[in-house]
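This report refers to the structure that appears directly beneath it.
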Amino acid sequence: MGGDKTQIVLGYKNLEIFIKQSAKSIREKYVEPPYTTNFAILFLPFEGLYAEVVNRNLIEVLQREYAVNIAGPSTMAAMLNALQMGFRTLQIQKRSDEVWKTLSAVKTEFETFGAVFKKAQDRIKQLDQEMDKLVGTRSRAIERKLRSVQSIELDQADRIIDINGNDLALDE
């Protein structure tokens, strides 16, 4: 039963039409970015069928017009592995973006902390200077004023000020 050349050409043409219709149907049903990937896969279960599609240059047409990739039994595993690696890379990239955002936030917060800490440090220095001034300058001024006051015996001073009394007991 020899094949009529016309029948063979018609069979190839029908195969091409069927493959294109299948690709169009797949695109309409399953390709909907951003909810899905921007492509789909049409699996051809026989190597001979896959070879015919490759020989007829349908792979480029299906990718360009329908966003559908063709896979045969020998290429499906490799294609799935490549996709899996791509998705893992995408996941790692997304996670690294989150890490960078967190680090940026921490850096900003640390800069703010540094500025607030510097202000507090400046206030402490100012307070220390004021205390030195108060203790130094004021103490000297008080001592100058008190030089003109006549000193009395320690016992008398204790009684007048009531140092040993109940109010200011230092021995406790």
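Would you check if there is a residue in the stretch 74-92 being touching a helix residue (DSSP H, G or I) at 6+ places or on another chain (Cβ under 6 Å), surrounded by 16 or more Cβ atoms within 10 Å (Cβ to Cβ) and either farther than 19 Å from LYS13 by Cα or without any contact (Cβ under 8 Å) to a residue 40 or more places away in the chain (or both)?
Going residue by residue through the stretch 74-92, those that are touching a helix residue (DSSP H, G or I) at 6+ places or on another chain (Cβ under 6 Å) are none.
The answer is no; no qualifying residue exists.
Quick check: anything in the stretch 94-105 closer than 30 Å to PHE43 by Cβ and either of a type outside the set (Asp, Glu) or outside the structural domain of GLU47 (by TED's automatic domain parsing) (or both)? Looking through the stretch 94-105, at least one residue is closer than 30 Å to PHE43 by Cβ and either of a type outside the set (Asp, Glu) or outside the structural domain of GLU47 (by TED's automatic domain parsing) (or both). Taken over the stretch 30-54, the criterion of being assigned to a helix (DSSP H, G or I) and exposed (fewer than 10 other Cβ atoms within 10 Å of the Cβ) is satisfied by GLY48 alone.
The values are calculated or read from the model by the stated rules, or taken from the named source; none is laboratory data. All values reported here derive from a predicted model rather than from experimental measurement. As a convention, Cβ positions derive from the backbone with ideal geometry for all residues, glycine included, and neighbour counts pool all protein chains shown.
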